[in-house]
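Nothing in this text is a laboratory measurement; each read-out follows from the coordinates by a stated rule. If you're wondering where the values come from, they're calculated on a predicted model, not measured in any experiment. Cβ atoms come from the backbone with ideal geometry, glycine included; neighbour counts cover every protein chain shown.
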């Protein structure tokens, strides 16, 4: 079996920092990523070629999760999802022009998941890959344990009295 892969597909080079944040979070979980750029609006044939490449890998047994990044009207997620059988996570970048409804309202048979935070999109992808990858399962469990301990440590550090209130 080929190594699990998260493909971050951006609709525009303008979203590079958002894609990088997803890739960094994936790497922290030990998950390999590839970042690609293809627009559903401007380069639909190129986008289809990119999707076909990873669909072949997925159909050949490689675990692949696609994370789409497109702002404004998120056509990329709705375009990509019905073209592939792999899981698709929409992670649109924040901004004043973000139309979150374009990520949430999809036609019948089009079902990308929506996760707004890059680190959480990476975590969701790792959890999906964990269905077939013990390494991904362990990385997710470790990240969750670290997050829980951070809360416990923060609570333990706030046991002093302040104005009669224990903090």
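Restricting to bridges with both residues inside the chain, how much of the DSSP beta-bridge set is antiparallel, in percent to the nearest 5?
Antiparallel: roughly 10 percent of the beta bridges in the chain.
At 0.36 nm per residue, minus the direct Cα-Cα distance, what do residue 20 and residue 83 gain on full extension? Give it in nm, one decimal, please.
20.2 nm
Go ahead and set up a Gaussian network model of the chain, Cα springs under 10 Å, then flag whichever of 116, 104, 131 fluctuates most.
131
Which shape class, rounded, prolate or oblate, goes with the stretch 83-130 when its Cα gyration tensor gives a ≥ b ≥ c as root eigenvalues, a/c under 1.5 marks rounded, and past that a/b bigger than b/c marks prolate?
Cα axes put the stretch 83-130 in the oblate bin.
Among 38, 108, 28, which one moves the most in a GNM of the chain with springs linking Cα atoms closer than 10 Å?
Per the Cα network of the chain with a 10 Å cutoff, 108 tops the list.
Multiply the residue separation of residue 108 and residue 158 by 0.36 nm, subtract the distance between their alpha-carbon atoms, and state the gained length in nm to one decimal.
13.0 nm
For the chain, state what percent of all Cα-Cα pairs lands in each successive 5 Å bin, counting from 0 Å until the bin that includes the largest distance.
2, 9, 17, 19, 18, 12, 8, 5, 4, 3, 2, 1, 0, 0
Can you compute the modelled spin-label distance between residue 48 and residue 141, with each label point 7 Å from Cα toward Cβ, in nm?
4.4 nm
Along the Cα→Cβ direction, 7 angstrom out, place labels at residue 34 and residue 3. What is the inter-label distance in nm?
Taking the two extended label points, one gets 1.3 nm.
Over the chain, what is the relative contact order in percent, taking alpha-carbon pairs closer than 8 angstrom and at least six residues apart?
For the chain, the relative contact order is 22 percent.
Based solely on its DSSP helices, what 222 nm [θ] is calculated for the chain when runs of n ≥ 4 H residues each add -39,500 (n - 2.57) and the sum is averaged over all residues, nearest 500 deg cm²/dmol?
That calculation yields -14000 deg cm²/dmol at 222 nm.
Assuming 0.36 nm per residue, please report the length gained on full extension of the stretch residue 56 to residue 72 beyond their Cα-Cα distance.
Contour length minus Cα-Cα distance gives 2.8 nm.
For the chain, set up a Gaussian network in which alpha carbons nearer than 10 Å are linked by springs, and say which option among 135, 55, 45 fluctuates the most.
Comparing 135, 55, 45 in a Gaussian network model of the chain, the most mobile one is 45.
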